[in-house]
Amino acid sequence: MPGREWRQCEILTLHPAEQWRGAGTALIETAGQLARQQGYVRLWLITTNDNVDALRFYQRRGFCLVTVHRGAVDRSRAR
Ligand SMILES: CC(C)(COP(=O)(O)OP(=O)(O)OC[C@H]1O[C@@H](n2cnc3c(N)ncnc32)[C@H](O)[C@@H]1OP(=O)(O)O)[C@@H](O)C(=O)NCCC(=O)NCCS
C-alpha cells in the first residue's frame with residue numbers, strides 16, 4: 001500500500017483554446033481543488049525549459065521548479 005507521499009496528481013496537458021483569457025488559471029485552480037478533494041499531497045507536471053510562458057505561468061501560481069532533466073525531450077522524441 002503506497003504511503004501518503006505517493007498520493008500525487010499529474011497534469012498531463014494544459015492547452016486552452018485561447019491564450020491569455022484566464023482559462024489556464026481557471027483550469028489550474030480546478031485541478032488543485034480536485035486534487036485536494038481526492039487527498040493528493042502533490043500536484044505536478046512536466047514542461048520544456050524553452051516554454052518560458054508556461055514556466056512563468058506555473059511559477060506565478062505557486063508551482064516550484066524542482067528538477068531539470070537535460071535533453072530528456074530530445075531523447076524522448078528521438079525514440
Ligand atoms: C501557458 C498557458 C497554459 C497559460 O494558459 P492561459 O489560459 O493563457 O493563462 P491565463 O490567461 O489564465 O493567464 C496568463 C496571463 O494572462 C493574464 N490574463 C488572464 N486573463 C486576462 C485578460 N482577460 N486580459 C489580459 N490578461 C489576462 C494573467 O494575468 C496571466 O498573466 P501572469 O502569468 O502574469 O499572471 C497557455 O498560454 C498555453 O496554452 N500555452 C501553450 C500550451 C502550453 O505551453 N501549455 C503548457 C504545457 S505544460
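Numbers below:
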| quantity | calculated |
| --- | --- |
| Subset of the stretch 7-31 [more than 27 Å from residue 74 (Cβ to Cβ), near the ligand (Cβ under 6 Å from one of its atoms) and of a type outside the set (D, E, K, R)] | 20, 22, 23, 25 |
| Residue that is open to solvent by 100 Å² or more (accessible area, probe 1.4 Å), hydrophobic (A, V, I, L, M, F, W, C), at pLDDT 95 or above and more than 7 Å from the ligand (Cβ to nearest atom), where the choices are 55, 43, 65, 34 | 65 |
| Filtered residue count, the stretch 26-56, keeping only those that are of a type in the set (Phe, Trp, Tyr) and in contact with a Leu (Cβ under 9 Å, 6 or more places away or on another chain) | 1 |
| Pairs with Cβ under 8 Å, 6+ apart, first in the stretch 36-48 and assigned to a loop (DSSP other than H, G, I, E, B), second open to solvent by less than 70 Å² (accessible area, probe 1.4 Å) and of a type in the set (Phe, Trp, Tyr) | 47/58 |
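The values are calculated or read from the model by the stated rules, or taken from the named source; none is laboratory data. Not measured: the values here are computed from a predicted model. Note that each Cβ is placed from the backbone with ideal geometry, even for glycine, and that neighbours are counted across all protein chains shown. These area figures cover heavy atoms from the full protein model, side chains too; ligands, DNA and RNA do not enter into them. Shrake-Rupley method; radii C 1.70, N 1.55, O 1.52, S 1.80 Å.
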